[in-house]
Amino acid sequence: MTLRVLPRSFYERETSLVARELLGKVLEVRGEVHAPIVETEAYLGPHDLACHSSKGRTPRTEVMFGPAGVAYVYLVYGLHHLLNVVTGHGAAVLIRAVALPNGSGRSGPGKLTRSLGLTLAHNRLPLDVAPLRLLEDPACPPLRLASGARIGVDYAGPRWARRKLRFWVAGHPAVSVT
DNA sequence: GTTAAGATTTAT
DNA sequence: TAAATCTTAACC
């Protein structure tokens, strides 16, 4: 089986499209863990009120305005790290869940990063070199996808909170159902 | 230097 | 339904 590293051009496209196509792609950490992505959310950019970059270009969100194809990791509630993939121009895709071999029960963006050992130290890392890489499995069969509203973004108002910018593999057990 | 709030999880 | 917990950003 041959895994191909996703090229920069993969990320330099419409954010919601990247979010959809990231499903089934393989996240590699330190060359040890390989976990297929099964759930994502799209954060479109400064005009998207649910996106961090909508509050202005700050040191934290700066990475989202940089080149596409790098990781944006941050800490929420002082407890949980969340992993995002930058698509450029202030936009990014949140990786909500992956299919871990030992991933028992429901997953979630916080547990995901804890299981993989991802921290703020991984912020701004490119996704085409170790220790953090995104790979494509050419042998991966077509996936049945589902979409719905994003989670935990009610503060952005109904206009943005209700948009179907969350994507997941239909029926996959690792998807957070809440 | 201080304060407010959050793309969550887990336990009452 | 509420607490845990800490970085970031917006105030003095």
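Here, each number is a calculation from the coordinates, and none is a lab measurement. Values in this document were obtained by computation on a predicted structure and should not be read as measured data. As a convention, Cβ positions derive from the backbone with ideal geometry for all residues, glycine included, and neighbour counts pool all protein chains shown.
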Inset, instruction - Taking A:Ala99 as meeting all but one of (1) under 16 Å from A:Trp168 (Cα atoms); (2) in contact with a helix residue (DSSP H, G or I) (Cβ under 6 Å, 6 or more places away or on another chain), write down the number of the exception. - result: (2)
Inset, instruction - Give the residues of the stretch A:122-151 that are within 16 Å of DNA strand C (Cβ to nearest atom) and within 22 Å of A:Leu6 (Cβ to Cβ), sorted by residue number. - result: A:His122, A:Asn123, A:Arg124, A:Leu125
Inset, instruction - Quick one: which helices (runs of 4 or more DSSP H) lie wholly within the stretch A:1-90 and hold at least 3 residues that are more than 16 Å from DNA strand C (Cβ to nearest atom) and either surrounded by fewer than 18 Cβ atoms within 10 Å (Cβ to Cβ) or of a type in the set (Ser, Thr, Tyr) (or both)? - result: A:8-11, A:15-22
Inset, instruction - Kindly list, by first and then second residue, each pair from a residue in the stretch A:53-80 that is touching a residue at least 40 places away in the same chain (Cβ under 8 Å) and of a type outside the set (Lys, Arg) to a residue that is assigned to a loop (DSSP other than H, G, I, E, B) and within 6 Å of DNA strand C (Cβ to nearest atom), limited to pairs with Cβ atoms under 7 Å and residues at least 6 apart or on different chains. - result: A:Tyr74/A:Arg60
